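Here is the structure we will look at, set down as structure tokens.
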Number of protein chains: 2
Amino acid sequence: MRKKIKPSKLSEYLKEKIEEAIATGVFSPGMKLDEIDLANKFGVSRTPIREALIQLASSGLVEIRPRRGAVVTPIDPKKLYEMFEVMAELEALCAKLASRRITDEELINMKKIHEECKKTEIIENPDLYYYKNEEFHLALYKASHNDFLIEQTTNLHKRLSSFRRLQLRVRGRILSSLREHEEIINAITNGDADSASQLARHHIIIQGERFSDLLATLQPDR
Amino acid sequence: MRKKIKPSKLSEYLKEKIEEAIATGVFSPGMKLDEIDLANKFGVSRTPIREALIQLASSGLVEIRPRRGAVVTPIDPKKLYEMFEVMAELEALCAKLASRRITDEELINMKKIHEECKKTEIIENPDLYYYKNEEFHLALYKASHNDFLIEQTTNLHKRLSSFRRLQLRVRGRILSSLREHEEIINAITNGDADSASQLARHHIIIQGERFSDLLATLQPDR
DNA sequence: AACGGTGTTTGTGTATACAATTTATAAAAT
DNA sequence: ATTTTATAAATTGTATACACAAACACCGTT
């Protein structure tokens, strides 16, 4: 008893809903996901819930322990750093390919997004910046013109989103972020694949490196 | 009516079985995977079959079209090239990290595997070389000491395995492969992260580049 | 012969029922 | 009081049942 619209595939719809709930922190890391609870909450049977959870498990957002149910994947600082390490490389590849393959149109659009990022009301609001920043990165991925890469990178991006959001609250991070974006755009504009790649890598890896510290201040709820 | 051993989770077991059947070509690309057929074949109900298919769909091995069932993901030359492009970058990252993090033990083991690859009886048998080659690459991934990277790379490796296997039948490919492995090992031994990274990238990308040609000679069965 | 409508069939998607395990609870023993 | 063991409760994993949409075949019309 939740929604009127009836999607052709409930499990797909539920997957997105649960994904969203995890991203926005409604379901926090370590939290147990009871199939029956979820089924009641969404007014469906266990079957599509299970199928949604299986998909989320494949993408790493939840963990399914055999016979012991599903939990939102707990935050593991080590693994998180590892994920940033991989993310950095994927974004670097996006940037490298983008430098060679971006269309005029895409480049103009990217610059437009960047200009919007720089607006003061956005700079001063981490939540607003979060969305614009996301737009920028998605535009970068698309400019790689490698659909498989776009898919993989977008996936990992999603999985790291909540952490990146936190990261933006660190003093001065938004301004550094903007500067880095600008450098990346310049490199791409000049078709300098190597620079673009290195800059993009650094743009991500720096977040991973700072994360260990940031995480130390957090208490993962069990 | 197939196996005596009873795994704790049928869907996991079935996932592996179907995965294997796809890798070995028993289920060829484009082939329809009827849930009821599979259920009968394995002597189980549709439920665990569905769950297995969903997992395989998340990993990209099969495609599930809503209301139209599952098929083994058809070969798309463009996408395949894209996958190699990403794979090259992941392996490059493995090599880079390995140069910095590999243990003495791991390095010795890697050299041992490489020596085994060079044995004549293996060089002359693409199928044998396939397995030894795989060992080499898995050792490289592990040496990165980044569990998330290992997982991602191993996944993609699996997905490309059947194509790599084909690739090994190209005249002279095995010998080039060996030479490239040797160069990678040397770079890692010297702790030369940049060279190792570039060599590993090239080792993979060359396969992707040659694949368009190779694929042209194949007829994807519908 | 080609085209399009209509009824049938097949197969997916979801719900429900049952089986098998783990977790919680409580009693008994040290 | 604490640990151990037995029993009950709860939850996952699998099987079956049902609903509905898509594919198919058949037939009449043009």
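The values are calculated or read from the model by the stated rules, or taken from the named source; none is laboratory data. As the structure is a computational prediction, the values presented were derived from the model and not from experiment. Cβ placement follows ideal geometry from the backbone for every residue including glycine, while neighbour counts extend to all protein chains displayed. Only protein heavy atoms, including side chains, enter the accessible area calculation; ligands, DNA and RNA are left aside. Shrake-Rupley method; radii C 1.70, N 1.55, O 1.52, S 1.80 Å.
Of the trypsin sites (Lys or Arg not before Pro) in segment B:90-156, the ones in a loop by DSSP (not H, G, I, E or B) with at most 14 other beta carbons within 10 Å are B:Lys119. When chain A is treated as a Gaussian network with alpha carbon springs shorter than 10 Å, the biggest mean-square fluctuation among A:Ile102, A:Ile185, A:Ile206 belongs to A:Ile206.
Spin-label pair A:Leu166-A:Val71: with each label point 7 Å from Cα along the Cα-Cβ axis, the two points sit 1.7 nm from one another. For the rotational copies B and A, the chain B residue with its Cβ nearest the relating axis, together with that separation in Å, is B:Ser58, 2.
How much length would be gained if the chain were fully extended between B:Lys111 and B:Ile36, taking 0.36 nm per residue of separation minus their Cα-Cα distance, in nm to one decimal? Please list the in-between numbers first.
Working: separation 75, 0.36 × 75 = 27.00 nm, distance 4.78 nm.
Value of the extension gain: 22.2 nm.
Helix B:104-118: angle to the longest alpha-carbon principal axis of chain B, degrees 0 to 90, nearest 10? Taking Cα atoms only, the helix is inclined about 80 degrees. Listed by chain and number, the lysines whose alpha-carbon sits under 20 Å from that of A:Lys142, ignoring those within fewer than 8 places in the same chain, are A:Lys96, A:Lys111, A:Lys112, A:Lys132, A:Lys158, B:Lys78, B:Lys79. Annotation for B:Asn125, label-to-label distances across the other copies: 6.8 nm (shortest first, one decimal, point 7 Å from Cα along Cα→Cβ).
For segment B:10-72, report the accessible area per residue in Å² (1.4 Å probe, heavy atoms, rounded to an integer).
Ligands and nucleic acids excluded, the figure is 49 Å² per residue.
Using a 1.4 angstrom probe on protein heavy atoms only, the contact between B and A buries about 2600 square angstrom of accessible area, both sides summed.
Compared with the dominant Cα axis of chain A, that is its longest principal axis, helix A:77-101 is turned about 50°. Looking at chain B as a GNM with Cα springs under 10 Å, which of B:Arg68, B:Arg46, B:Arg173 has the largest mean-square fluctuation? Comparing B:Arg68, B:Arg46, B:Arg173 in a Gaussian network model of chain B, the most mobile one is B:Arg68. Shielding by partners for peptide A:148-156, expressed as the average number of C-beta atoms from other protein chains within 10 Å of each residue's C-beta, is 4. Each copy carries a label point for B:Lys78 at 7 Å from Cα along the beta-carbon vector; from one copy to the others these points are 4.2 nm apart, nearest first. Who wins for biggest fluctuation among A:Gln167, A:Gln207, A:Gln55 in a Gaussian network model of chain A, springs between alpha carbons below 10 Å? Of the options given, A:Gln55 has the highest mean-square fluctuation.
Can you give the angle from 0 to 90° between the axis of helix B:193-216 and the longest principal axis of chain B, with both taken from C-alpha atoms, to the nearest 10? It is inclined by approximately 50 degrees. For B:Glu105, the distances from its label point to the matching points in the remaining copies are 5.6 nm, ordered from shortest, with each point set 7 Å beyond Cα toward Cβ. Pairwise Cα separations in segment A:70-158 fall into 5 Å bins from 0 onward with the following percentages, short to long: 3, 13, 19, 18, 19, 15, 8, 3, 1, 0. Of the solvent-accessible surface of the protein assembly as shown, computed with a 1.4 Å probe and all protein chains present, 51% belongs to carbon and sulfur.
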